[in-house]
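The values are calculated or read from the model by the stated rules, or taken from the named source; none is laboratory data. The structure displayed is predicted, hence computed values, not measured ones. Positions of Cβ are backbone-derived with ideal geometry, glycine not excepted, and every protein chain shown enters the neighbour counts. Heavy atoms of the whole protein, side chains included, go into the accessibility calculation; ligands, DNA and RNA do not. Shrake-Rupley method; radii C 1.70, N 1.55, O 1.52, S 1.80 Å.
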Amino acid sequence: MALATFDFEKPIVELEREISDLLSRENEPGISRKIKALEQKLEKTKIDIYSKLTPWQRVQVARHMARPHSLDYIQSIFTEWTEIHGDRCFADDMAVVTGFGNIGNQSVTVIGQQKGKDTKENLARNFGMMHPEGYRKAMRVMRIGERFNLPIIIFIDTPGAYPGIGAEERGQAEAIARNIRDMFTLSVPILIIIIGEGASGGALGIGVGDYILMMENAWYCVISPEGCASILWRDRAMAARSAEALKLTPPDLLKLGVIDEIVPEPLGGAHRDPVSSFQTVRSALEKRLQELVKIPGDVLIERRAQKYRKMGVFLENKPEK
Amino acid sequence: MTWFRKRKYTVLKPTEKKRVDIPDGLWHKCQQCLHILLARDYEKNLWVCPKCNFHDRVSGWDRIGITFDPESFIADEDILDPTDPLEFFDTMNYMDRLVSYQKKTGLKDAVITGIAKCGGYKVVAGVMEFNFAGGSMGSVVGEKITRAFERSLKERLPIVIICASGGARMQEGILSLMQMAKTSMAIARLNEAKIPYITVLTHPTTAGVMASYASLGDVIIAEPNALIGFAGPRVIQQTINQILPKGFQRSEFVRDHGFIDIVTNRKDLRNTMINLLSFFAPWAREKEEVSSQSQ
């Protein structure tokens, strides 16, 4: 099945079709030269388009249905992956997967917000939008990780914490607030990677860490571009403009000191070559993990606090004394 | 054809106006039950309607006046200015917006912090100002709140935060989200040091503020019928496409679901706080007595 494509990918699709047309007539004289020329043109067009993605186009790539999701990464990166379920209070939130596995020689705790590949799975996974029980499940598993000295690796990919009646009744705000606070008390390394969407409190609720990685075509912000547009312009169609204004792309976030590293993706996005994406993510995680596991727990906690203590931009007039 | 003739009529002139001259703002009409009373009486009743118990919004400074001991509040030096790190522009420059809020409220940003006494108990205090950008939390609010927590840790004083906020400040993008982490980090340290933290939720306290320090008090008090929650009711309604139940996300509802400790009328709020302080921080009072004797 062909991958769904975006409007801005049209020139690429056109060229690809031309090439496949020519390929079917491969025996005609002179064709192979034509194909070669077109392939070169295709490569150039791809670089042209993908290196100049607007913030809004990047948001769209981050949401591509075929983009690898948390479980795709988890199952290909971690061996002996063992999933565990439930928050021990209310339910098992399928929008987040939790468990344990090995990366190289290191056993770790793994948490990931999970979207579905199709509508049916998306309904079961609630499109990766967690309920309070999901945040509590994640914290329960993090505590187990801490107890048995298993560093925590977290995959972020959510359009937001779920805004529903049940979520409010069971304390969505409290669940997120408590997770944020308690993540500052965990004495094992926490490594975060934003692989797709990082929407607001929904992401931060499992997003406090010692080192924050972010995929090239992911976004992370206090509000979704659509949400922002509907508040500021009362029009969701202004999302492209608010995506621009919100500075939600990896290079912007790196500049603002909110993330630590950008993980490159294959040309056109992780969904165009998942296997190589798994490789790059795996080696990026392993590298940072090796550094973090050497740091004693109390130092980690202090460093994490200092990391977030510095965040924010304001002017300070020191009183003259 | 006489019946088509134009009929004579008289023009009525209004009589001289003999209105009683009432200066603007003398009367107050309750926005909930439309009950009318003297503005002076309304203020004396702490901006609460005596008929329907509607709790009106209170500005930050008025809130300080009715919550803490008279003349006891000492504001922190106002040395933090908001700025525009994203160069955010929607229908207006963010900087221009800030200036207009500053003119409107006389504050640099949406929170007043300082030190105060409540029934003789010395406390660190933070009071949010809803009139400043909907009490939204940007870098300055996050920093001032964090510094308040740090002061309470350093001086070992209990801390009270009175919240009124629509959440994080969109115009500061991801940095405002990070304020949730920064403030919650400071609370983790406070909890470890066993210093009491009381949150008071007023109408409205939602989203980013509710999903960070507003939810993390040792005891959480709320005024009646305040809107309290994570997602806004409009967003929820759009998402689930159903009418929301009556009283949804109001103080009493949230209390009944186990996420608020006490819902109290404004007139009883101070006493409730004093009681809690007497249980959690008797030392905060002794400290004060010693220092006043030594003066």
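Assorted remarks:
- For region B:45-189: rounded, prolate or oblate by the Cα gyration tensor [a/c cutoff 1.5]: oblate
- Top of A:SER230, A:SER70, A:SER20 by mean-square fluctuation, Gaussian network on chain A, Cα under 10 Å: A:SER20
- Of all beta bridges that DSSP places with both ends in the protein assembly as shown, some 45 percent have antiparallel geometry.
- For trypsin sites (Lys or Arg not before Pro), no site in region B:75-113 is both called loop by DSSP and has at most 12 other Cβ atoms within 10 Å.
- Of the peptides B:49-59, A:155-165, A:32-42, the ranking by mean beta-carbon count within 10 Å, highest at the top, reads A:155-165, B:49-59, A:32-42.
- Using alpha-carbon coordinates, inclination of helix B:94-105 to the longest axis of chain B, degrees: 80
- The residues of region A:274-321 listed by number as losing at least 40 Å² of accessible area in the complex, against the isolated chain and with a 1.4 Å probe, are A:TYR308, A:ARG309, A:MET311, A:VAL313, A:PHE314, A:LEU315, A:GLU316, A:ASN317, A:PRO319.
- Panel note: contact residues of region A:164-183 (accessible area lowered by at least 40 Å² against the chain on its own; 1.4 Å probe) correspond to A:ILE165, A:GLU168, A:GLU169, A:ALA173, A:GLU174, A:ALA177, A:ILE180, A:ARG181.
- Helix A:274-292 vs. chain A, principal-axis angle (Cα, 0 to 90°, nearest 10): 30
- Computed E for B:GLU77/A:LEU267 - FRET, C-beta separation, R0 45 angstrom, nearest 0.05: 0.25
- When chain A is treated as a Gaussian network with alpha carbon springs shorter than 10 Å, the biggest mean-square fluctuation among A:ASP235, A:ASP72, A:ASP273 belongs to A:ASP235.
- Relative to the longest principal axis of the Cα atoms of chain A, the long axis of helix A:10-24 makes an angle of roughly 50 degrees.
- For region A:106-121, Karplus couplings with θ = phi - 60° (6.51, -1.76, 1.60), whole Hz, Gly/Pro x: 9, 7, 9, 8, 10, 10, x, 6, 10, 9, x, 7, 9, 4, 4, 5
- Burial of accessible area (probe 1.4 Å, heavy atoms of protein chains only) in region B:193-217, relative to its chain alone, reaches at least 20 Å² for B:ALA211, B:SER215, B:LEU216.
- Solvent-accessible area per residue, Å², over region A:64-309 with all protein chains present [probe radius 1.4 Å]: 34
- Averaged over peptide B:228-241, the number of partner chain Cβ atoms lying within 10 Å of each residue's Cβ comes to 5.
- Computed in the context of the full set of protein chains, the accessible area of the protein assembly as shown at 1.4 Å probe radius has 53% of its extent on carbon or sulfur.
- The calculated FRET efficiency for the pair B:ARG234 and A:ASN27, based on their C-beta separation and a Förster distance of 51 Å, comes to about 0.20.
- Qualifying lysines (Cα of each under 25 Å from Cα of A:LYS120; at least 8 residues distant if same chain): A:LYS137
- A:GLU244/B:TYR9 FRET efficiency (R0 51 Å; Cβ-Cβ; nearest 0.05): 0.20
- Partner lysines for B:LYS108 [C-alpha distance under 19 Å; skip if fewer than 8 residues away on the same chain]: A:LYS318, B:LYS144
- Within region A:64-309, DSSP assigns beta bridges of which about 40% are antiparallel (rounded to the nearest 5).
- Solvent-accessible surface of region B:163-260, averaged per residue with a 1.4 angstrom probe and all protein chains in place: 31 square angstrom.
- Accessible surface, per residue, of region A:7-52 when the full set of protein chains is kept, probe 1.4 Å, Å²: 75
- Overall shape: oblate for the protein assembly as shown, with the ratio a/c of the largest to smallest alpha carbon gyration tensor axis at 1.5 or above and b/c at least equal to a/b.
- Isolated Cys in chain B, by beta carbon distance under 4.7 Å: B:CYS118, B:CYS163
- Looking at region B:58-294, the DSSP beta bridges with both ends there are about 40 percent antiparallel.
- Above-threshold pairs, the threshold being 32 Å between Cα atoms, out of A:LYS52/B:LYS103; B:LYS122/B:LYS267; B:LYS44/B:LYS182; B:LYS44/B:LYS194: A:LYS52/B:LYS103; B:LYS44/B:LYS182; B:LYS44/B:LYS194
- When the accessible areas of A alone and B alone are added and the area of the pair subtracted, with a 1.4 Å probe, the result is around 4800 Å², both sides summed.
- What the phi angles of region A:203-212 give under the Karplus curve with 6.51, -1.76 and 1.60, with θ = phi - 60°, is a coupling list of 8, 5, x, 10, x, 8, x, 7, 8, 10 Hz, glycine and proline written as x.
- Charge tally in the Cβ shell below 12 Å around A:ARG25, where Lys, Arg are +1 and Asp, Glu are -1, A:ARG25 excluded: -3
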